């Protein structure tokens, strides 16, 4: 079984992306790894070049900053990396620059890839998600945070990155057939120093909206206000080993009073219908089989 990892990144240092940790977290599961490095005004390229592994192949790309709708440029960059994967790969393991896989799930992931490798009806494998917010001690749990997503796909070039690169589809916009796994992606996109988080908001909203919308809806402040959140829970587990040094460098303080969690009628209705009737209204860009 041959597994190729792939990802894309730009401005990793400027926006404090844990891209090195992301790559290292799945590198032991991969035979090789494609990294599409977008032209940056920081040392992102050197950062990737300094990862000590002969598995990594870097392709340098230029982002089309005129793509200002729906985060499309992120999907375009994902596809650039995906197209570089050779035909010998059976599975393609996608990881984004703020996602990390805990080593405790490695065996589960390997076993699932072996189990479904030759089953042609299976297009990909589905992960659960933990969305960390504010600090490494809290996870966001309200229903608007996505619970699952595809991160391992078959090496089928009929598959493409969908919308803003959150997931994948195939052919003429068909959802992928996937098998769920008992494995989690640790998403750290909302755990950054407040200054870096604010910079990210000001810049990345331009991949979805025009300048007028950004000026109206993104506050012009020096630091992001993490207190604007509806529901958090305390994280009681352990973080991936590759995150150890980054967590040690934590240089801001965030705490949250769990009694402030908002219980909206919408949230209570969703919870009730799922518990007693099995209805799940969450967005699903995949088909479980």
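Listing 40, 25, 236, 227 from fewest to most neighbouring C-beta atoms within 10 Å gives 236, 227, 40, 25.
Counting neighbouring Cβ atoms within 10 Å and putting the fewest first, the residues 93, 254 line up as 254, 93. Where the centre of each part is set by its Cα atoms, how far does segment 216-240 sit from segment 7-72, in angstrom? The two parts, judged by their Cα centres, are 24 Å apart.
Size descriptors for the chain (Cα atoms only): Rg and Dmax, in that order, 19.0, 53 Å.
Apply the a/c threshold of 1.5 to the C-alpha gyration tensor of segment 182-269 and tell me whether it is rounded, prolate or oblate. Cα axes put segment 182-269 in the oblate bin.
Spin-label model, residue 62/residue 13: points 7 Å from Cα along the beta carbon direction are separated by 2.2 nm. Exposure proxy for 99, 84: other Cβ atoms within 10 Å of each Cβ, ordered fewest to most, give 84, 99.
Share of antiparallel DSSP beta bridges in the chain, in percent to the nearest 5?
Antiparallel bridges: around 45 percent, rounded to the nearest 5.
If you average the sequence gap of Cα pairs under 8 Å that are 6 or more apart and divide by the length of the chain, what percent do you get for the contact order? Contact order relative to length: 22 percent.
Taking the inverse of the mean reciprocal distance over all distinct Cα pairs, the Kirkwood hydrodynamic radius of segment 138-220 comes to 15.8 Å.
Using just the helices of the chain, give the 222 nm mean residue ellipticity in deg cm²/dmol: DSSP H runs with n ≥ 4 each add -39,500 (n - 2.57), and the total is spread over all residues, rounded to 500.
-7000 deg cm²/dmol
Here the contact order of segment 127-225, divided by its residue count and restricted to Cα pairs under 8 Å and six or more residues apart, works out to 31 percent.
Values in this text are rule-based calculations from the coordinates and carry no lab data. Owing to the predicted nature of the structure, the values given are computational and were not obtained by experimental measurement. Quick reminder, even Gly has a Cβ in these numbers, built from the backbone with ideal geometry, and neighbours come from all protein chains shown.
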